[in-house]
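S.K.: Handing you a structure now.
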Amino acid sequence: MENIDFTTIAYLENGNEIQQKTFRIISEYNILQKLESYHPLVVGTIPINIDIENSDVDIILQTNNVEKLKDIILLYFQQFDDFSVVINEKDSEKILVSNFTIDNLPFEIYASSIPTDNQNGYLHMLKEYEILQHLGEDFRKDVIHLKENGYKTEPAFCKLLNIEGNPYIELLNYELD
């Protein structure tokens with residue numbers, strides 16, 4: 001099993017075409033440096049090679065002040081195509097979500113008060129990567145096929161693994177044989 005340090009983006013530099021493009025854009029625009037004080041992590045499907053057409057680059061952040069972060073997001077990213085930034089309340093917590101596109105690559109920034117290495121986006125990606133490493137290329141292709149047919153990532157994994165219940169909870173509890 002290949003061990004990847006997902007707390008950096010170095011592994012993307014020598015990855016597949018979309019991973020290399022992601023690395024190039026993040027590096028060229030200093031995206032992670034601009035967000036450094038918010039402990040950014042790149043998560044989701046692109047890092048673990050299960051992205052499909054129109055998959056976005058997910059960057060998670062940790063903040064206790066979404067209003068200040070919104071100002072920083074506006075400062076650095078509002079000039080890009082398809083830009084939006086919203087603050088929602090979820091379980092009495094403020095969540096910031098920003099979307100934009102650079103060089104035809106969509107980005108989504110998600111920020112909450114939870115430390116990034118404890119956020120579900122990161123934990124799900126680690127679990128999915130572990131499963132992919134264990135079950136191999138055919139399983140990876142099956143996940144992509146379900147995603148191309150409308151499934152979200154976690155429900156696709158749960159369908160293939162015959163996991164019942166809430167896929168976003170149960171996937172984290174899944175134990176490999």
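Any read-out appearing in this document is the output of simple, stated calculations on the displayed coordinates, not a laboratory observation. Everything quoted here is computed from the prediction, not taken from an experiment. Here the Cβ is made from the backbone with ideal geometry for all residues, glycine too, and neighbour counts use every protein chain on show.
S.K.: Given Cα positions, please report Rg to Rh for region 1-49, the hydrodynamic radius being the Kirkwood one.
M.R.: On the Cα set of region 1-49, Rg over Rh gives 0.95.
S.K.: By counting other Cβ atoms within 10 Å of each Cβ, how are T116, T7 ranked from fewest to most?
M.R.: Fewest-to-most ranking of T116, T7: T7, T116.
S.K.: May I pose another question? What order do you get for 151-160, 48-57 when each peptide is scored by the mean count of other beta carbon atoms within 10 Å, highest first?
M.R.: Going by the mean number of other Cβ atoms within 10 Å, highest first, we get 151-160, 48-57.
S.K.: Add +1 for every Lys or Arg and -1 for every Asp or Glu among the other residues with Cβ under 11 Å from the Cβ of N54, and state the total.
M.R.: -3
S.K.: Of K90/K127; K68/K127; K34/K70, which pairs sit farther than 22 Å apart, going by alpha carbon to alpha carbon?
M.R.: Listed pairs above 22 Å: K90/K127; K68/K127.
S.K.: Any idea what the relative contact order of the chain is, in percent, if you count C-alpha pairs under 8 Å spaced at least 6 apart?
M.R.: 18
S.K.: Now for a separate question. Treating the beta-carbon of each Lys and Arg as +1 and of each Asp and Glu as -1, no other charges, what is the dipole magnitude of the chain about its Cα centre, to the nearest 20 debye?
M.R.: 380
S.K.: Where q = 0.21 Å⁻¹, what log10 of I(q)/I(0) comes from the Debye formula for region 1-102, counting one point per Cα?
M.R.: The computed values of log10 I(q)/I(0) come out as -1.21.
S.K.: With Rg and the Kirkwood Rh both taken from Cα atoms, where does Rg over Rh land for region 10-173?
M.R.: 0.96
S.K.: Follow-up question, since we're still on this one. I need the calculated FRET efficiency for the pair D177 and D117, taking r as the beta carbon distance and R₀ as 35 Å, to the nearest 0.05.
M.R.: E(calc), rounded to 0.05, equals 0.85.
S.K.: Using helices alone, I'd like the mean residue ellipticity at 222 nm for the chain: each DSSP H run of four-plus residues gives -39500 (n - 2.57), total over residue count, nearest 500.
M.R.: Using -39500 (n - 2.57) per qualifying helix, the result is -13000 deg cm²/dmol.
S.K.: Relative to the compact globular guide of 2.2 N^0.38 Å, what is the alpha carbon radius of gyration of region 42-110, as a ratio?
M.R.: Working it through for region 42-110, the quotient is 1.15.
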